[in-house]
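Structure record follows, encoded as structure tokens.
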Amino acid sequence: MSIFDAAMRYKADKVPLVIFAGKEYGSGSSRDWAAKGPNLLGVRAVVTQSFERIHRSNLIGMGVLPLCFEEGTSWQTPRAQGRPAGHHSRAAWRDQAATAHDRRDRRRDGGLKRVPLVCRIDTLDELDYFKHGGILQYVLRQLVSA
């Protein structure tokens, strides 16, 4: 099955998708479409070691949550321990912008391993865009309310 067909099947079943990547995710790409493509496929979050600066911002503008592994961990760290359990919890905002997330991986023995993640919504404006599902929805709501 193609990636597109699989993504459309998950989207129809209302299964959110998450991308796990390495360093400098989004580098060397057509940055606008690099963020639009995953959004259209139903990707709700990207978890990576680091983002290309503009691409991180474009993901937020498309309503895709940018998350980074904490220093010293990577996409390989949880995978070596087990398979994703699909549980994410959002902590309270710190310093008016940054949040922490947990990704819990189910270990082979059935237990859960906590994998700390850092939310890369870095400003309050970015938070507003994300809360509205992206910058286009934010702007449209602002125009309607005016």
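The values are calculated or read from the model by the stated rules, or taken from the named source; none is laboratory data. As the structure is a prediction and not an experimental result, all values here were calculated from the model. Note: areas computed on protein heavy atoms with side chains; ligands, DNA, RNA excluded. Shrake-Rupley method; radii C 1.70, N 1.55, O 1.52, S 1.80 Å.
Points to keep in mind about this one:
- Amide H contacts of L112: R107, each under 5 Å away and 5 or more positions distant or on a separate chain (H built 1.01 Å from N in the peptide plane; Pro and chain starts excluded).
- Accessible area of K11 (1.4 Å probe, protein heavy atoms only, ligands and nucleic acids ignored): about 100 Å².
- Residues L124, L41, L65 ordered from highest to lowest accessible area at a 1.4 Å probe: L124, L41, L65.
- Solvent accessible area, Å² - E70, 1.4 Å probe, full protein context: 80 Å²
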